[in-house]
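Novice: Next up is a structure, given as C-alpha cells.
The values are calculated or read from the model by the stated rules, or taken from the named source; none is laboratory data. For clarity, every value in this text was computed on a predicted model and none was experimentally measured. Methodologically, a virtual Cβ is constructed for each residue, glycine included, from the backbone with ideal geometry; neighbour enumeration extends over all protein chains shown.
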Amino acid sequence: MTFRIYTGPIWDGSVQIAFLWPDKDGTSLVDLPPQYRGLSADDEPKEDVQIKEQLTFDKVLAGEIYNDQSTPLHTLFTFTSAIVRKDRELFLSLMEESIREIVAERYELVISQYGSSMQSYDLLNPSGWPDEPENGTTYQIYLCRKGSLLRAVTITMVYNNGKWYCRNFELNG
C-alpha cells in the first residue's frame, strides 16, 4: 500500500491510498501512475496550452473579472470569478436552470465552503470537450490540489443553447 497525506494550505486530513498486490496480480511501484509515486504536478511537463490556461486561472483567482461561457473551461473561469468576487447574480446565472433555485437557497454556504479554498487548486484537464456540442452534452473539469496530480474536485458542465453551465461541483475524497 502507498499513502499520500495532503498537508498543503487547506490541510483537511485527506489521504490517498493505492493498493498493490504483487503476489496476486504482479504489480509493483513501477506499475503505479506517477502521481501515486509521489510525483507532483511540477514534475510533469506541461503543454503551452496548460501553462496559458493555468495563468488565466491564477489571474481569475487573484480577482480578475471574467465572463465567458463559450467553453467548459471559460465557464469555470467565470464560475471562479463569481466565487472570488462574491457576485451572486453571475454565480447563479452559471448554474444549470434545473438546480438554480436550490443553489440560490444555499448560496452563502457554497461561497463560504468553496470561496476560500479555490486558491488551493490547479487545473488538471484544461481541454478535450467537443468543438460543436449538442444541447445536453456534458464535460467534466478536474482540479487537483497545488503540487499534486490527484483529482480533488470534479465540476460537471452541461451545454445548452450556445452556452456551458455548471451542473455539479463535487469534492473527490
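Novice: Among 98, 93, which is modelled with pLDDT of 95 or more and closer than 18 Å to residue 167 by Cα? Don't jump to the end; show me each part of the working.
Specialist: Numbers: 98 fails: modelled with pLDDT of 95 or more.
None of the others qualify; the one that does is 93.
Novice: A further question follows. Here are some conditions: (1) under 16 Å from residue 169 (Cβ atoms); (2) polar (S, T, N, Q); (3) at pLDDT below 90; (4) surrounded by 13 or more Cβ atoms within 10 Å (Cβ to Cβ). Residue 40 meets all but one. Which one does it not meet?
Specialist: Here residue 40 clears every test but (1).
Novice: Also, quick follow-up: Of all residues in the stretch 74-105 being touching a Leu at 6+ places or on another chain (Cβ under 7 Å) and not hydrophobic (A, V, I, L, M, F, W, C), which is farthest from residue 64 (Cα to Cα)? Walk me through how you get there before you give the answer.
Specialist: Residues of the stretch 74-105 that are touching a Leu at 6+ places or on another chain (Cβ under 7 Å), as a first pass: 75, 78-80, 82, 84, 100, 103-104.
Among the residues that remain, those that are also not hydrophobic (A, V, I, L, M, F, W, C) are: 75, 78, 80, 100.
Details: 75: 14, 78: 10, 80: 10, 100: 24 Å.
The extreme case among them is 100.
Novice: Let me ask you something else. Quick one: residue 170 ticks every box in (1) surrounded by 13 or more Cβ atoms within 10 Å (Cβ to Cβ); (2) under 11 Å from the mean Cα position of the chain (by Cα) except a single one, so which number is it?
Specialist: Result: residue 170 passes all but (1).
Novice: Mind checking whether some residue in the stretch 148-163 is of a type outside the set (A, V, I, L, M), under 13 Å from the mean Cα position of the chain (by Cα), in a strand (DSSP E or B) and under 20 Å from residue 65 (Cβ atoms)? If you could, list the steps in order and put the result at the bottom.
Specialist: The first filter runs over the stretch 148-163 and keeps only residues of a type outside the set (A, V, I, L, M), leaving 148, 151, 154, 156, 159-163.
Adding the requirement that they be under 13 Å from the mean Cα position of the chain (by Cα) leaves 148, 151, 154, 156.
Still in the running and in a strand (DSSP E or B): 151, 154, 156.
Remaining after also requiring under 20 Å from residue 65 (Cβ atoms): none.
Checking the stretch 148-163: not a single residue is of a type outside the set (A, V, I, L, M), under 13 Å from the mean Cα position of the chain (by Cα), in a strand (DSSP E or B) and under 20 Å from residue 65 (Cβ atoms).
Novice: Here are 31, 25: which of them is modelled with pLDDT under 85 and under 22 Å from residue 144 (Cα atoms)? Please lay out each step first, then the result.
Specialist: Values: 25 fails: under 22 Å from residue 144 (Cα atoms).
Residue meeting the stated conditions: 31.
Novice: Quick one: count up the residues across the stretch 106-134 that are among the polar types (S, T, N, Q), in a loop (DSSP other than H, G, I, E, B) and touching a Leu at 6+ places or on another chain (Cβ under 6 Å). It would help to see each step written out before you state the result.
Specialist: Filtering the stretch 106-134 for residues among the polar types (S, T, N, Q) gives 112-113, 116-117, 119-120, 125, 127.
Now narrow it down to the ones that are in a loop (DSSP other than H, G, I, E, B): 116-117, 125, 127.
From the residues that got through so far, the ones that are touching a Leu at 6+ places or on another chain (Cβ under 6 Å) too are none.
Here the count works out to 0.
Novice: Hey, another quick one. Determine whether the stretch 55-68 contains at least one residue that is modelled with pLDDT under 80, within 14 Å of the chain's Cα centre (by Cα) and surrounded by fewer than 20 Cβ atoms within 10 Å (Cβ to Cβ). Quick ask: steps written out before the conclusion?
Specialist: Step one: list which residues in the stretch 55-68 are modelled with pLDDT under 80, which gives none.
Taking every residue of the stretch 55-68 in turn, none turns out to be modelled with pLDDT under 80, within 14 Å of the chain's Cα centre (by Cα) and surrounded by fewer than 20 Cβ atoms within 10 Å (Cβ to Cβ).
Novice: Let me ask something else. Do we find that residue 81 is out of contact with any Cys (no Cβ under 7 Å at 6 or more places or on another chain), buried (at least 16 other Cβ atoms within 10 Å of the Cβ), in contact (Cβ under 8 Å) with a residue 12 or more places away in the chain and outside any strand (DSSP E or B) in this structure? Outline the logic, then answer.
Specialist: Working: out of contact with any Cys (no Cβ under 7 Å at 6 or more places or on another chain): yes; buried (at least 16 other Cβ atoms within 10 Å of the Cβ): yes; in contact (Cβ under 8 Å) with a residue 12 or more places away in the chain: yes; outside any strand (DSSP E or B): yes.
Considered against the rule, which asks whether it is out of contact with any Cys (no Cβ under 7 Å at 6 or more places or on another chain), buried (at least 16 other Cβ atoms within 10 Å of the Cβ), in contact (Cβ under 8 Å) with a residue 12 or more places away in the chain and outside any strand (DSSP E or B), residue 81 comes out as yes.
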